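Read the figures in this text as sums done on the coordinates, not as results from a lab. Note that the structure is a prediction, hence the values are computed from the model and not measured. Every residue, glycine among them, receives a Cβ derived from its backbone with ideal geometry; neighbour counts consider all protein chains shown.
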Amino acid sequence: MYKSGFITVIGRPNVGKSTLLNQVIGEKISIISDKPQTTRNKIQMVYTGDDFQIVFLDTPGMQMPKNILGDYMLKISRTTLEEVDIVTFMVDESMQTGKMDSYILDQLKVISTPIVLLINKTDKLKKDEVEILVKKYKDMGIFEDVIPISALNNDNIERYLEVLKEMIPEGPQYFPDDMITDQPERFIISEIVREKALVNLEDEIPHGIYVEIDKIVQREDKELIDVFANIYCEKNSHKGMIIGKNGRMLKTIGQQAREDIEKLMGSKVNLQLWVKVEKNWREKANKVKYFGYK
């Protein structure tokens, strides 16, 4: 009997959703940073075994929207809850339930989809603190299972996968054995560049960054791939900060991104970056759609 299912992974920003899924898949597909709004799109990742296939949906962290892009991201997170076989709700090691987690819990109480809760970052807690948190969430009575994990350390991830394998229904294999994401190469490359900008820049700037891959060219000798990309920001002052004094910041972003892109493509890469200004694009519905958020 072959089993398959779709699992959405939800939670507030920065609880470790993308770290978890990158560990499960074994490849870096979702980008990671310590800033909110890191994940903007619904990204499908595929985990295939001998007699099962699990399709994970990495969604934007649930948060109160502040602009049109934020509205789009919250809608993506909400609409997946009833469209999948299982919902995975991830929280962190916080002993108190915060405002955003309470909001998400209220959403989960009214859906019919089975829910698995993951308590992430338990490597930061003592054993008795983990037990207290597990009991707290089990007592809510809305979860099929409550599993303490450390996504960063790959701790207890196997147990999580075993639980999912038990819960998913009988079904077909949706994707080929060697496919790990539904996202095209261009998207992954653009996200790698955006991640490096998120990591290196100040808090205010990254939320307004969008990376567009202009073209990817394989040279005739096939020893080098040229990647041309545009980094869009919302203000002229931000453009200056992204470029940095004597171009140092842009060079740092480019060097770090190139290393990850070369791992992804298995080839040497010549990455060329340009910085452009599209003023307040997150407030403009036509620009949000043009940049692919629709």
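State to the nearest 20 debye the size of the charge dipole of the stretch 185-290 about its Cα centre, where the only charges are +1 on K and R beta carbons and -1 on D and E beta carbons.
Dipole of the stretch 185-290, to the nearest 20 debye: 340 debye.
Taking label positions 7 Å along the Cα-Cβ direction at both MET179 and VAL130, the computed distance is 3.7 nm, reported to one decimal. In this structure, ARG219 and LYS245 have a Cβ-Cβ separation that, at R0 = 30 Å, corresponds to a calculated FRET efficiency of about 0.40. Considering all C-alpha pairs of the stretch 185-290, those separated by over 17 Å amount to 51%. Here the mean projected area of the convex hull built on the C-alpha positions of the stretch 230-277 is 3.3 nm². Pairs to check: LYS17/LYS109; LYS3/LYS127; LYS124/LYS251; LYS215/LYS251; LYS239/LYS268. Give those whose C-alpha atoms are more than 25 Å from each other in this structure. Those over the limit are LYS3/LYS127; LYS124/LYS251; LYS239/LYS268. How high is the FRET efficiency from ASP155 to GLU83, r the C-beta distance, R0 30 Å, rounded to 0.05? With R0 = 30 Å, the Cβ-Cβ based efficiency is 0.50.
Charge tally around LYS138: other residues with Cβ under 11 Å, Lys/Arg +1 each, Asp/Glu -1 each, net -2.
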